[in-house]
Each structure stands twice: as structure tokens, then as C-alpha cells.
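K.L.:
Can you read through this structure? Questions will come right after.
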Amino acid sequence: MATLKELLGESYKEGMTFEEAEAALKSCNLADLNKGEYVSKLKYTADTKALTELAEKAKTDAKAEYEQKLETERTAAKRKRAREKAYDGLSDEQKGLFDALLKDDELKLAEDGESFSNFEEVTKGIKEKYKSLFPKDDGSNDKGGLPPAKGQAPSKFDEFKDYVNLK
């Protein structure tokens with residue numbers, strides 16, 4: 001059991017009167033164990049409030065993180081659909097070339113979220129640099145290289161392919 005000197009600490013004086021000891025004890029924050037006050041009510045209330053605020057903050061942060069992740073996934077899905085739409089009618093070689101050379105952040109989603117607003121502009125330089133992969137509008141391929149886009153007239157490549165298969 002604690003002594004009076006230990007309880008009062010610096011307030012303790014040798015030869016204290018009962019009234020002095022009682023006054024010194026009132027300044028100490030002692031819990032009345034008979035009333036079940038193991039922790040001061042103020043401290044308990046403050047700690048409970050702090051825990052509640054932390055829990056709410058954690059919920060809010062988790063919800064914001066989830067919503068951000070969900071939005072990122074939605075945007076990725078929209079970009080995938082827009083890319084598929086932009087690639088419609090292109091050959092596998094053309095798609096592969098665009099996949100290799102285009103950075104995802106170069107292409108801007110249109111307001112509808114279903115297409116890219118700047119696809120033609122961004123791919124123009126690639127099409128010019130790799131003309132053999134992109135036939136002219138009349139269906140011919142000016143360099144007679146790789147196959148034209150789907151739905152285009154056959155190129156010299158198709159004739160060459162048939163020639164190689166015959167041998």
C-alpha cells in the first residue's frame with residue numbers, strides 16, 4: 001500500500017496537519033475505487049472521443065481510397081473500350097505498332113468517354129513514318145509492304161504470301 005509521502009509527492013511536508021493533508025489530496029487526481037472510477041472520467045471521455053474520431057477518419061480515408069481506386073478502374077475500362085473502338089478495322093500489325101509506340105497519357109478521352117478526341121492527331125506521325133503499314137485511301141499500299149487494314153483491297157504482300165505458299 002502506498003504511503004502518504006508517496007501519494008502527495010512534492011506536496012508532502014513533515015508534520016502535516018490533517019487539514020493540510022486533506023487539501024493536498026484534493027489537488028491529486030485520485031480515483032474512488034468504491035465508485036468504480038478506475039480511470040478519471042475526463043480522461044476516459046477524451047480518449048473515447050479521440051478513438052471515435054480516429055475510427056471515423058479511418059472510414060473516411062478508406063472510402064476515399066476505395067472511390068479513387070474505383071474511378072481509376074472505370075477510367076482504365078473506358079480507355080480500353082476507346083482503344084478498341086479506335087483500333088476497329090486495323091490489322092494486327094497496325095494495332096501492335098500503335099500499342100508499342102503510343103503512351104496511354106498521350107490519348108485524351110473524349111467527353112463521351114467512349115473514344116479518344118485526339119487519336120488521329122496523335123497517330124498521324126506514326127502513320128507517316130510507317131507508310132508501308134497504312135494503305136492509301138484508294139486501298140493500294142504505296143510501298144507494297146505488309147497487309148492493308150481489314151476491309152481494304154489485297155496488297156502485293158497477299159500476292160507474295162500466295163506465291164510462297166505455292167512453293
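The values are calculated or read from the model by the stated rules, or taken from the named source; none is laboratory data. What you see is a predicted model, and the numbers here were worked out from it, not measured in a lab. With ideal geometry, Cβ positions are generated from the backbone for all residues, glycine too; neighbour counts draw on all protein chains shown. Heads up: the accessible areas ignore ligands, DNA and RNA and are worked out on the full protein's heavy atoms, side chains in. Shrake-Rupley method; radii C 1.70, N 1.55, O 1.52, S 1.80 Å.
K.L.:
Could you list, in sequence order, all residues of segment 100-121 that are surrounded by 11 or more Cβ atoms within 10 Å (Cβ to Cβ) and in a helix (DSSP H, G or I)? I'd like the intermediate steps shown before the answer.
P.N.:
Step one: of segment 100-121, the residues surrounded by 11 or more Cβ atoms within 10 Å (Cβ to Cβ) are 101-102, 106-110, 113-119, 121.
Residues satisfying the conditions are Leu101, Glu106, Phe119, Glu121.
K.L.:
Can you tell me which of Leu51, Leu70 is closer than 30 Å to Ser27 by Cα, at pLDDT 90 or above and surrounded by 10 or more Cβ atoms within 10 Å (Cβ to Cβ)? Outline the logic, then answer.
P.N.:
Working: Leu70 fails: closer than 30 Å to Ser27 by Cα.
Selected residue: Leu51, the only one of Leu51, Leu70 that is closer than 30 Å to Ser27 by Cα, at pLDDT 90 or above and surrounded by 10 or more Cβ atoms within 10 Å (Cβ to Cβ).
K.L.:
Of all residues being within 11 Å of Glu114 (Cβ to Cβ) and out of contact with any strand residue (DSSP E or B) (no Cβ under 7 Å at 6 or more places or on another chain) in segment 84-94, which is most open to solvent (accessible area, probe 1.4 Å)? Just the residue, please.
P.N.:
Narrowing segment 84-94 to residues within 11 Å of Glu114 (Cβ to Cβ): 84-86.
Among the residues that remain, those that are also out of contact with any strand residue (DSSP E or B) (no Cβ under 7 Å at 6 or more places or on another chain) are: 84-85.
Values: Glu84: 107, Lys85: 122 Å².
Checked segment 84-94; the qualifying residue most open to solvent (accessible area, probe 1.4 Å) is Lys85.
K.L.:
Looking for something in contact with a helix residue (DSSP H, G or I) (Cβ under 8 Å, 6 or more places away or on another chain), of a type in the set (A, V, I, L, M, F, W, C) and surrounded by 13 or more Cβ atoms within 10 Å (Cβ to Cβ) - is there at least one such residue anywhere in segment 29-46?
P.N.:
No; the residues of segment 29-46 include none that is in contact with a helix residue (DSSP H, G or I) (Cβ under 8 Å, 6 or more places away or on another chain), of a type in the set (A, V, I, L, M, F, W, C) and surrounded by 13 or more Cβ atoms within 10 Å (Cβ to Cβ).
K.L.:
Looking at segment 87-119 only, could you name the residues that are out of contact with any Leu (no Cβ under 8 Å at 6 or more places or on another chain) and among the hydrophobic types (A, V, I, L, M, F, W, C)?
P.N.:
Within segment 87-119, Leu90, Ala100, Leu101, Leu102, Leu107, Leu109, Ala110 qualify.
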